[in-house]
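Notes follow the structure.
The values are calculated or read from the model by the stated rules, or taken from the named source; none is laboratory data. Just so we're clear, the structure is a prediction, and the values are computed from it rather than from any experiment. No Cβ is skipped: glycine too gets one built from the backbone with ideal geometry, and neighbour counts run over all protein chains shown. These accessible areas exclude ligands, DNA and RNA; they are computed on the full protein's heavy atoms, side chains included. Shrake-Rupley method; radii C 1.70, N 1.55, O 1.52, S 1.80 Å.
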Amino acid sequence: MLEDLLAEKTALFETGVHTELRAHENRGRGVALNQGNLVENNRIEVSGVCARAYKNGVYGLSASAEYSGDKIEAVLRAATENALFMDKRINKGKGMIPVITPGYVKLNKDIIDTQQKRIIELCKETDNYIAKKYTDISSRLVTYSEDSMEKILYTSDGYNGHTTLPRCYIFITMCAETKEGKPVEHFAAIGGYGSFDDNFSNHEHIYERIDKLHKELMDKREGVYPEAGYKTVILGGMMSGMLSHEAVGHTVEADLVLGGSVAASALNERVASEKVSLVDFAHTAFGKPTPLPVYLDDEGVPAEDAVLIKDGILTGYMNNRESAMHFGMKPLGNARAYSFSSEPLVRMRNTSILPGTDKLEDMIASVDDGYYLLQSQNGQADLTGEFMFGVSMGYEIKKGKIGRALLDTTVTGVAFDMLKTVDMVSDKVIWSSSGYCGKKQPMPVGMGGPALRCKIMMGGR
């Protein structure tokens, strides 16, 4: 765990300059077995100190990979001097950002250093289970990934704190061949927030997920391509989560709004059906911890939920302190930095559409001819809200019944148009926190959602 060397240096904060001083460590652990062969075995630790100073609309930033008293003073002095110099030359004259009542956020979870031997043993046991039980697959890949961020933050005004964000996952990829000899692939991510023992003290849930993965792969081996066109579909929770993050969430990040996203002209306008409400959750959702709880951002703002769409109306943006001042909104803790040398950017935390009242089985039964789309491995969207997502797992729906599995295909559309077609929302939310968001710098995020019945453009073969 990081030692607090920052507290005594806050006396050096310059009067009249907003200052953030952050000690930051990223840790990573990785193992991969391909066909039972160990092909990756790594441990990574990167740490340092960063200072950022704000004066009248300009910033100065300085960082060092050496975390010592002398370097803390050096980066603090350099960041302050840079901000004062820029202020004199550019003279934006924006004034100070709004002051936040001081407070403190305590360490939320310890970082546990798992022995690499235990990680390798878990991967070998998992691989052996697949190899012995499923001889009808052509290849298998077992990958373990563990990462964490630990931060100590002091600000000239705002909250100080010591926070952590650990997570670990085991990823299973299986391949098989169709009767024609064409390869099909399917994968699953198992794990979540916390340490190795939090997620893998018992292995039974891993085996259960592998069994389900294999069944879906065998379904997919006998799968068909969907019929291309504008179709009625049910997006499963992972697909609605991808949509919420990629096609909607990025358009309502305030820095991208200022850059010209479609949401710039849509505030307080209808962008979805009245059944759709979208929230970027901070640390608690529906009475439980979010997949990746964020309690404090890197500008010293305590994290609160950001309501983005309410009953189909776009009601807000995700902000940092400066953009919140510009839009007249309250900052809610969305400024996050990935590494010690990174500046905080406006980022999502745990983004999801709120659950509705419909049962999934009723939603499926309501579709005469359509598709149930479960999983995506990739996707892209732009600031107009136009998106294209790959569909790696899905099924036909024929006369209200689940039919054949689908081979890989795509869906496309414009998010704010597609969301207006939503007419049923399931009562359960599915979450995932296994991925990264790649906006300028990587960032662990949680995303998910309920199942949605809507209309979307399906790709074919």
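Some points to look at:
- Search result, residues across region 71-103 that are surrounded by fewer than 12 Cβ atoms within 10 Å (Cβ to Cβ) and closer than 17 Å to N160 by Cβ: V99, T101
- For region 228-285, taking the residues that are open to solvent by less than 10 Å² (accessible area, probe 1.4 Å), assigned to a helix (DSSP H, G or I) and polar (S, T, N, Q), the one that is nearest to N334 (Cα to Cα) is identified as T251.
- Residue in region 26-49 that is farther than 26 Å from Y169 by Cα and of a type in the set (A, V, I, L, M, F, W, C) present: yes
- Neighbours by Cβ (under 8 Å, 6+ apart or cross-chain): first from region 377-394, on the phi < 0 side of the Ramachandran plot and among the acidic types (D, E); second open to solvent by 10 Å² or more (accessible area, probe 1.4 Å) and at pLDDT 95 or above: E386/T412; E386/G413; E386/V414
- Identity of the residue in region 436-461, closer than 30 Å to E25 by Cα, part of a loop (DSSP other than H, G, I, E, B) and touching a helix residue (DSSP H, G or I) at 6+ places or on another chain (Cβ under 9 Å), that ends up modelled with the lowest pLDDT: K439
- A single member of L360, L374, L354 is under 20 Å from the mean Cα position of the chain (by Cα), more than 30 Å from V257 (Cβ to Cβ) and modelled with pLDDT of 95 or more, and it is L374.
- Criterion: open to solvent by 20 Å² or more (accessible area, probe 1.4 Å), in a loop (DSSP other than H, G, I, E, B) and touching a helix residue (DSSP H, G or I) at 6+ places or on another chain (Cβ under 7 Å) - qualifying residue of E14, E66: E14
- Residues satisfying the stated conditions in region 415-435, i.e. part of a strand (DSSP E or B) and either open to solvent by 50 Å² or more (accessible area, probe 1.4 Å) or without any contact (Cβ under 8 Å) to a residue 60 or more places away in the chain (or both): I430, W431
- Of all residues in region 286-314, those that are over 19 Å from the mean Cα position of the chain (by Cα), part of a loop (DSSP other than H, G, I, E, B) and surrounded by fewer than 17 Cβ atoms within 10 Å (Cβ to Cβ) total 2.
- Criterion (part of a helix (DSSP H, G or I) and out of contact with any strand residue (DSSP E or B) (no Cβ under 9 Å at 6 or more places or on another chain)) met by exactly one of R118, R77, R89: R118
- The set of residues from region 391-409 being over 15 Å from G237 (Cα atoms), in a strand (DSSP E or B) and either open to solvent by 10 Å² or more (accessible area, probe 1.4 Å) or touching a Pro at 6+ places or on another chain (Cβ under 8 Å) (or both) comprises E396, K398, K401, I402, G403, R404, L406, T409.
- Residue match in region 365-372 (condition: aliphatic (A, V, I, L, M) and closer than 17 Å to E246 by Cα): no
- Look at (1) closer than 30 Å to K215 by Cβ; (2) in a helix (DSSP H, G or I) and you find that D136 fails only one, number (2).
- Taking the conditions (1) of a type in the set (D, E, K, R); (2) out of contact with any strand residue (DSSP E or B) (no Cβ under 6 Å at 6 or more places or on another chain); (3) buried (at least 22 other Cβ atoms within 10 Å of the Cβ) in turn, E222 satisfies each one other than (3).
- Exclusive hit being open to solvent by 10 Å² or more (accessible area, probe 1.4 Å) and part of a strand (DSSP E or B), set T412, T384: T412
- Condition met for L33 (at pLDDT 95 or above, closer than 30 Å to Q115 by Cα and touching an Asp or Glu at 6+ places or on another chain (Cβ under 8 Å)): yes
- Output for region 28-49, where each listed residue is open to solvent by 40 Å² or more (accessible area, probe 1.4 Å) and among the basic types (K, R): R43
- Verdict on I130 being in contact (Cβ under 8 Å) with a residue 40 or more places away in the chain, in a loop (DSSP other than H, G, I, E, B) and either open to solvent by less than 30 Å² (accessible area, probe 1.4 Å) or more than 24 Å from N319 (Cα to Cα) (or both): no
- Filtering region 174-213 to residues that are open to solvent by less than 20 Å² (accessible area, probe 1.4 Å) and part of a helix (DSSP H, G or I) leaves F196, F200, I206, I210, L213.
- Check on F171, under 27 Å from I112 (Cβ atoms) and open to solvent by 30 Å² or more (accessible area, probe 1.4 Å): yes
- E8 being crowded, with 18+ Cβ neighbours inside 10 Å and either within 30 Å of M174 (Cα to Cα) or of a type in the set (D, E) (or both): no
- The residue list G260, G312 contains one member that is touching a Lys or Arg at 6+ places or on another chain (Cβ under 8 Å), on the phi > 0 side of the Ramachandran plot and in contact (Cβ under 8 Å) with a residue 60 or more places away in the chain, which is G312.
- In the condition set (1) out of contact with any Lys or Arg (no Cβ under 6 Å at 6 or more places or on another chain); (2) farther than 30 Å from I313 by Cβ, A405 is compliant with all but (1).
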